[in-house]
Amino acid sequence: MILQQLQTYLRTHPQTSLEELARQFQTDADALREMLHVLIRKGRVRKLAGKQCGGCHSCAPESLELYEWVNSDSSTKHLTN
């Protein structure tokens, strides 16, 4: 999977879980996590504070790990000019 595909998906799905990304791209969550960290370092994505479930421990940790696309004003201006 290419980093560009991940960015494109996140632009159209601004808040998504690691589990959803792994399912969408049929890729291991750890591999995706590394790619997401690249995007975080570039300021394009941020990791959201994980929400807590009811405590039954049946939720996959990946379903609680959320990421959000950061809408860069400079890229928006570039597209509109």
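No value in this document is a laboratory result; all are computed from the given coordinates. If you're wondering where the values come from, they're calculated on a predicted model, not measured in any experiment.
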(request) Using amide H atoms built 1.01 Å from N in the peptide plane, name the residues 5+ places from GLU65, or on other chains, whose amide H lies under 5 Å from its own. (result) LEU18, GLU19
(message) Could you work out how much longer the chain between LYS47 and LEU64 gets when fully extended? Use 0.36 nm per residue separation minus the Cα distance between them, nm to one decimal.
(response) 5.0 nm
